[in-house]
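Trainee: Mind having a look at this structure? Questions to follow.
The values are calculated or read from the model by the stated rules, or taken from the named source; none is laboratory data. Every value quoted in this text rests on a predicted model; they were computed, and no experiment measured them. Here the Cβ is made from the backbone with ideal geometry for all residues, glycine too, and neighbour counts use every protein chain on show. Keep in mind that these areas ignore ligands, DNA and RNA; they rest on the heavy atoms of the full protein, side chains included. Shrake-Rupley method; radii C 1.70, N 1.55, O 1.52, S 1.80 Å.
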Amino acid sequence: MTGLLPDALLRLPHRQEVPFARLTTLGLGGLCHWLFEPSTEAEAALFVRTCHQAGLRYRVLGGGSNLVVLGDIQEPVLRLRLKEPVIHEGGNLTAPASHGHIVLADKAAELGLSGLEWASGIPGSLGGAIRMNAGAHGGEWVQVLDRYRFLTPEGEVVEKRPEPGEFTYRRSWFGPSHIVLSATAALAPSDSTAIRRTMAQFQQRREGSQPKGVRNAGCIFKNPPGLSAGRLIDEAGLKGLRVGEAEVSSLHANFLVNRGHAHPQDFAELMAQVRERVKAVHGVELDTEVEIWGAGQD
Ligand SMILES: Cc1cc2nc3c(=O)[nH]c(=O)nc-3n(C[C@H](O)[C@H](O)[C@H](O)COP(=O)(O)OP(=O)(O)OC[C@H]3O[C@@H](n4cnc5c(N)ncnc54)[C@H](O)[C@@H]3O)c2cc1C
């Protein structure tokens, strides 16, 4: 062992003391003490097996577009940097988990494959999108997911097809130590121009309704069944509410934005105020869609 981590881990590509402001779209503070960035599946498996044998907890980071990091993270963080190519076979498109999500939707359009149009405005990585069962405009990953490969917490590679109940609204069955390695979408051959037209319409809708030019993590709260979290927050009169440089967007109330140098505690306080006011006004308990790291209890 060198320092706190086994030598086998330290031989893998890694960096130390990386600010989460650079690793997440929201850009809040906090340091990632150990960031491991394997470029092959074998390295990723070695990382997991070594952590498992040493009884070390680790975290998995994708594009950081669904994360609110409120403090330093001491545990090793794994961010895949896989180099495998995207494979197109018939209507199937397979990509490594670290592949950019928006770029993948664009690739599908270029190849004349329909089914991922809804994905075109969702940032982050494919792995994060599978884990979150990301979705928009009536589409979500589980509708097109043909099969996926992942590492178990013991470091074994498993390939499987999705089964009923594994992927639900912005959730999946994976535990915190599972790592998605790749996924295959079953898509329908179609006309590229028609696909791009639909994507452009979706993009236009986003542009009119989501804040631009300020750092954010997308929707902070899940829509309660049959309701819109954004509307509940808006109707509670919270658009524009600020704590320091953390603010409820005046364009889309479910976007809590970092106006520049928001302090993590200000962001946490703003989230708490929104929940309290929505509960007081509507009697509805909001559940977070984003994942929160470094809050002390996670
Ligand atoms: C402007 C904006 C718009 C957005 N719009 C949408 C939208 O319309 N619909 C929507 O669903 N989401 C939306 N999001 C949220 C976010 O983009 C998605 O949830 C995205 O799929 C998260 O991917 P990521 O790689 O950034 O994951 P991260 O934020 O890095 O991680 C999210 C979760 O996935 C886990 N994870 C990441 N990679 C892996 C992996 N390889 N294996 C296992 N677990 C992994 C992490 O541990 C964490 O639990 C939006 C975000 C932004 C900033």
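Trainee: Name the residue farthest towards the positive end of the dipole of the chain from the options Leu104, Gly165, Phe255, assuming +1 on Cβ of Lys and Arg, -1 on Cβ of Asp and Glu, about the Cα centre.
Mentor: It is Phe255.
Trainee: Can you compute the radius of gyration and Dmax for the stretch 87-208, using only the Cα atoms, both in Å?
Mentor: Using the Cα atoms of the stretch 87-208, the pair Rg, Dmax is 14.1, 45 Å.
Trainee: Report the one residue of Gly218, His178, Ala134 whose Cα lies farthest in the direction of the positive end of the charge dipole of the chain (charges on C-beta: Lys and Arg +1, Asp and Glu -1; origin at the Cα centre).
Mentor: Checking the options against the dipole of the chain, the answer is Gly218.
Trainee: Continuing with the same structure: Show Arg59, Arg22, Arg171 ordered by accessible area, largest first, where the area counts protein heavy atoms only and the probe is 1.4 Å.
Mentor: Arg22, Arg171, Arg59
Trainee: With a 1.4 Å probe and all protein chains in place, put Thr152, Thr198 in order of accessible area, largest first.
Mentor: Accessible-area ranking of Thr152, Thr198, largest first: Thr198, Thr152.
Trainee: Report, by chain and number, residues whose modeled amide H sits under 5 Å from the one on Trp293, excluding near sequence neighbours (fewer than 5 apart, same chain).
Mentor: Excluding prolines and chain starts, which carry no amide H, the hits are Val68, Val69, Leu70.
Trainee: Could you state the orientation-averaged shadow area of the convex hull built on the Cα atoms of the chain, in nm² to one decimal?
Mentor: Orientation-averaged projected area of the Cα hull: 15.4 nm².
Trainee: May I pose another question? So what are the radius of gyration and Dmax for the Cα set of the stretch 31-163, in Å?
Mentor: Radius of gyration, then largest Cα-Cα span, for the stretch 31-163: 15.5, 47 Å.
Trainee: For the stretch 7-79, what D do you get in µm² per second when you plug the Kirkwood radius from alpha-carbon pairs into Stokes-Einstein at 25 °C and 0.890 mPa s?
Mentor: Once the numbers are plugged in, D ends up at 197 µm²/s.
Trainee: Continuing with the same structure: What part of the accessible area of the chain, given as a whole %, is carbon or sulfur when the probe is 1.4 angstrom?
Mentor: 50
Trainee: Can you pull the three principal axis extents for the Cα set of the stretch 178-231, in Å, largest first?
Mentor: For the stretch 178-231, the Cα extents along the three principal axes come out at 37, 36, 29 Å.
Trainee: May I ask you to rank Ser120, Ser98 by accessible area, largest first, using a 1.4 Å probe over the protein chains only? All intermediate terms of the calculation are to be shown ahead of the outcome.
Mentor: Working: Ser120 15, Ser98 40 Å².
Output order, biggest surface exposure first: Ser98, Ser120.
Trainee: Additional query: May I ask for the Rg/Rh ratio of the stretch 146-298, computed from Cα atoms with Rh as the Kirkwood radius, given to two decimals?
Mentor: The Rg/Rh ratio comes out at 1.03.
Trainee: With charges set only on the Cβ (+1 for Lys and Arg, -1 for Asp and Glu), what does the dipole of the stretch 199-298 come to about its Cα centre, in debye to the nearest 20?
Mentor: Details: 12 positive and 13 negative charges, 77 e Å.
The calculation lands at about 380 debye.
Trainee: To continue, here is another question. Where the Cα atoms of the stretch 111-153 are projected onto their three principal axes, how long is each span, largest first, in whole Å?
Mentor: Each principal axis gives a Cα extent; for the stretch 111-153 these are 34, 19, 18 Å.
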